[in-house]
Amino acid sequence: MDMCHMYAQGSIKGGYERMDDKIIFILKALLLAEALTHAVRSWGIFDRIRSLLTARSDFLHRLFSCFECTAVWTTGAVIFYLYFLDFWPLTLLIIISRLATIAHIAVDLVDTLRAWLIGKL
């Protein structure tokens, strides 16, 4: 593969970066943003923090009550984290744990479908 196809110009840093590095960055951002948005909105561990913040401001209440709004600011924080910090063990831990959860949901769905089909026969 020649250099034109291997590198893409115009990154945030201003130089040349490998295209696969950009793709990996986007995939990590997508998985982290989804995992952290779900955590902030759904996990009980964040309930107290959410209630303290939303009690102080109507703007924060609206920001935390909407899943899509929470996803926007979480994605901003994720991009900042990945661009400036990216402590890979933490990144890997969050991504693998979220993918394991998604796989568990898929297995449960297949088991439920199988049980339903067996009951139909």
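Where a number appears in this text, it was derived from the coordinates with a stated rule and is not lab data. In this text, all values refer to a predicted model and were calculated from it rather than measured experimentally. When we count neighbours, we look across all protein chains shown, and the Cβ atoms used for this are built from the backbone with ideal geometry, even at glycine.
The protection proxy used here, the mean number of other Cβ atoms lying within 10 Å of each residue, ranks peptides 35-42, 103-110 as follows, highest first: 35-42, 103-110. Summarising the label geometry, the points placed 7 Å from Cα in the beta-carbon direction at Ser57 and Thr101 lie 2.5 nm from one another. Under the definition of Cα pairs under 8 Å and six or more residues apart, what whole-number percent is the relative contact order of the chain? Answer for the chain is 24 percent. All C-alpha to C-alpha distances of the range 19-94, sorted into 10 Å bins beginning at zero, yield P(r) values of 18, 46, 27, 8, 1 percent in whole numbers. Of all the options Ala33, Ala55, Ala71, the one that moves most in a Gaussian network model of the chain with Cα springs shorter than 10 angstrom is Ala55.
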